Amino acid sequence: MMRVDPEILEAIYTQKDENLLELSQRQPILLIFLRHFGCTFCKQTMSDLARVRDQIEAKGLLPIIIHMASEELATKRLHHFNLPNIGHVSDPDLSLYAYFGLKKGTFSQLYGLKVVVGGMKALAEGFSLPTASKEYGNISQMPGVFVLETGEIKLAFIHSTVADRANYMQIVADYLALKIN
């Protein structure tokens with residue numbers, strides 16, 4: 001789909017001191033770009049991911065989270081959502097988000113009717129109201145999900161609103177179907 005500059009991937013390290021280029025050469029990576037950690041939908045994303053993480057890994061993909069917070073804060077938040085020891089990358093200046101084509105949201109992408117309805121559903125599921133804090137990240141940043149293999153983006157799920165809910169197992173199935181064809 002799209003080749004990523006190997007020098008960029010080689011310069012990006014997880015908190016486990018592993019760079020994305022080497023990781024993507026060993027196995028496909030499911031890169032999950034989060035919104036800010038105080039976002040209701042980010043909490044929903046982490047909960048969804050925790051529920052299917054073992055299944056994703058059993059299919060041969062390594063989930064790695066990209067976020068805007070400090071490494072320490074992210075480790076705490078991810079542990080809180082039952083994602084201990086998951087690989088993650090801190091991108092506070094949003095350069096990786098921009099490189100992967102993830103933009104700042106428009107008013108309707110951040111606050112439109114679909115977002116309000118999605119937020120009500122998330123609240124009904126028990127996810128708390130959003131809390132904005134600069135330490136959590138930029139509240140206008142849009143999220144996305146990518147499958148990265150041998151330095152190449154093989155599949156992308158770009159959110160059209162912040163309330164879009166990625167189906168991780170469907171993304172994995174779509175990627176695996178691409179490999180067969």
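Every number in this text was worked out from the coordinates using simple rules, so none of it is lab data. Quantities reported herein were computed from a predicted structural model and do not represent experimental measurements. Here Cβ is always computed from backbone atoms with ideal geometry, including for glycine, and neighbour counts include all displayed protein chains.
Quick notes on this one:
- For the stretch 2-180, the residue among PHE107, SER90, PHE33 whose Cα projects farthest onto the positive side of the dipole built from Cβ charges is PHE107.
- The angle between the Cα long axis of helix 168-180 and the longest principal axis of the Cα atoms of the chain comes to about 30 degrees, rounded to the nearest 10.
- For the pair GLU72 and LEU123, the difference between a 0.36 nm per residue extended length and the Cα-Cα distance amounts to 15.7 nm.
- Cα long-axis angle, helix 113-124 against the chain (0 to 90 degrees, to the nearest 10): 90 degrees
- Structure-derived log10 I(q)/I(0) by the Debye sum over Cα atoms at q = 0.13, 0.14, 0.16 Å⁻¹: which label, when the choices are (1) -0.80, -0.85, -0.96; (2) -0.61, -0.72, -0.96; (3) -0.71, -0.83, -1.09: (2)
- For the chain, the longest principal axis of the C-alpha atoms and the axis of helix 40-58 are separated by about 30°.
- For a label point 7 Å along the Cα-to-beta-carbon line of LEU113, residues of the stretch 149-169 with backbone N under 18 Å: 160-164
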